[in-house]
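Reviewing the structure listed below.
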Amino acid sequence: MTTGNPPSPFRILEIGLAYFASKTLLSAVGLELFTKLGEDAKTGKELQQMLGLSDRANPDFFDALLALGFLEREGDGPGARYRNTPDTAAFLTKGQEAYVGGILEMSETRLYDHWGNLTEALQTGKPVNEVRITGGETAFQELYKDEALTESFVEGMAGSLVHNAAALAEKYDFSRYNTLCDIGGSSGVLAIALARRHPHLKITTTDLPQVTPHAKRKIANVGLSDRITVQDLNFLTDEFPKVDVITLSQVLHDWDLPHKLHLIKAAYEALPSGGALVVVETLIDDARRKNAFGLLTSLNALIEIGDGFDYTGADFRKWAKDAGFRRVEVVPLTGPSSAIIAYK
Ligand SMILES: C[S@@+](CC[C@H](N)C(=O)[O-])C[C@H]1O[C@@H](n2cnc3c(N)ncnc32)[C@H](O)[C@@H]1O
């Protein structure tokens, strides 16, 4: 109405039924279609057999992926051969560091079903995933009781962070700092990207004891065990290490306001004068109008945690200033993500 164009149903239908496309891609990732296809070209029949699918899947499933832009096809009809696109070859074949499928695998196994309970979460304000917070434990402590869920969550985080980690390492000037600690660093994806790009930095990555073995394994796999220290650290109860830079990536948004303020204050107290707190999030635009992904990520925090929420740059600026930080700046990363940096 505000644009002066006549009303149209198309955007409504496109978004309302976007789960058709989303779930088709998630099934393909869950079946490891792109990984198994690798550099080969296969007919629909060969793909069907390789993935253990019914006759009904061929050719609709593969042609739907083609029409969505996630497969290429040479020829038409039963003899046609499907290939990965440059994007799926680069980012959806497992075993490559650029693999972003971890977050899609977690969507296939967990989040897609949990989002089906969004209406309930909106009504109750409580998480609607497999986590029911009991006995004073946090959602994470509950989640980490199950090894398969832990692995799925850790790989999901790796998939969502890997390209922002590389962007932060590239775009931010770490040359004036010597020591850095990533708080809630999961499997060490950020520490690895920073260690590679900034060899002078002495880096520690921390998380809960159920998660740090995953960081040790990943860091050893890329030959950086001598450059990155992995440390168990409960960020709600333990002091942060005294370092020049503290990073908090996709951590603050998991928590309610008192916990957010506690984490910002803990970082302030650990930093020297001139030190920096680097926060990575899908920051919501200050007017809360444009960054739909940031706003949807906040609803995801409702689904997963309940009282966690995403926030704007203006929100963070105020919290950081109240904690004593002098100055705050934003560095855009990939897509809707940013780093927001507070200087002591
Ligand atoms: C949303 S994930 C973000 C992981 C990673 N920084 C990233 O950007 O992908 C939040 C992380 O906080 C960690 N975490 C939650 N509660 C914690 C606590 N009390 N102490 C330390 N880490 C905690 C989780 O284990 C998880 O790795």
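With N residues in the range 246-337, what two-decimal value do you get for its Cα radius of gyration over 2.2 N^0.38 Å?
1.05
For the range 1-90, give the percent of accessible area contributed by carbon and sulfur heavy atoms, probe 1.4 Å, rounded to a whole number.
Answer for the range 1-90: carbon and sulfur cover 58 percent of the accessible area.
For a quick check of understanding: with a 1.4 angstrom probe and all protein chains in place, what accessible area in square angstrom does His262 have, to the nearest ten?
80 Å²
Output the 0 to 90 degree angle, nearest 10, between the alpha-carbon long axis of helix 147-171 and the longest principal axis computed from the alpha carbons of the chain.
70 degrees
One quarter of the convex hull surface, Cα atoms only: what value does that give for the range 1-87 in nm²?
Across all orientations, the range 1-87 yields a mean hull projection of 7.5 nm².
With the other protein chains left in place, how much accessible area per residue, in square angstrom, belongs to the chain at a 1.4 angstrom probe?
Values: 16630 Å² over 344 residues.
Here the per-residue accessible area is 48 Å².
Hand me the trypsin sites (Lys or Arg not before Pro) from the range 27-90 located in a DSSP loop with no more than 12 other Cβ atoms within 10 Å, in residue order please.
none
How many nm is it between the label spots at Glu74 and His200, if each spot is 7 Å from the Cα in line with the beta carbon?
Between Glu74 and His200, the simple spin-label model gives 5.1 nm.
Can you check what the net charge comes to around Ser225, using other residues whose Cβ is under 13 Å from the Cβ of Ser225 (Lys, Arg +1; Asp, Glu -1)?
Working: positive: Lys216, Arg217, Lys218, Arg227; negative: Asp226.
That sum, taken over residues with Cβ under 13 Å, equals +3.
Quote to one decimal, in nm, the extra length available between Lys45 and Arg217 on full extension: 0.36 nm per residue of separation minus the C-alpha distance between them.
Full extension of this stretch gives 58.1 nm more.
Using a 7 Å offset from the Cα along the Cα-to-Cβ direction at both Phe10 and Ala148, what is the distance between the two label points in nm, to one decimal?
Once both label points are built, they end up 4.4 nm from each other.
Could you tell me the accessible area of Val189 in Å² (1.4 Å probe, neighbours in place), rounded to the nearest ten?
Looks like 20 Å² after rounding.
Indicate the gyration tensor shape class of the chain (rounded, prolate or oblate), computed on the Cα atoms with a ≥ b ≥ c the square roots of the eigenvalues: a/c under 1.5 is rounded; otherwise a/b larger than b/c is prolate and the rest oblate.
Values: a/c = 1.83, a/b = 1.49, b/c = 1.23.
In terms of gyration-tensor shape, prolate.
If the chain between Thr237 and Leu224 were fully stretched, how many nm would it gain, using 0.36 nm times the residue separation less the Cα-Cα distance?
Once the chain is fully extended between Thr237 and Leu224, it gains 1.9 nm.
Rolling a 1.4 angstrom probe over the protein chains, ignoring ligands and nucleic acids, what is the accessible area of Thr179 in square angstrom, nearest 10?
40 Å²
With a Förster radius of 22 Å, plug the Cβ-Cβ distance of Leu122 and Phe20 into 1/(1 + (r/R0)^6) and report the FRET value to the nearest 0.05.
Details: r = 23 Å, r/R0 = 1.03.
My answer for the efficiency is 0.45.
The values are calculated or read from the model by the stated rules, or taken from the named source; none is laboratory data. Predicted, not measured: the structure shown is a model, and the values here were computed from it. FYI the Cβ positions are ideal-geometry reconstructions off the backbone, even for glycines, and counts take in every protein chain you see. In case anyone asks, the SASA skips ligands and DNA or RNA and just uses the protein heavy atoms, side chains included. Shrake-Rupley method; radii C 1.70, N 1.55, O 1.52, S 1.80 Å.
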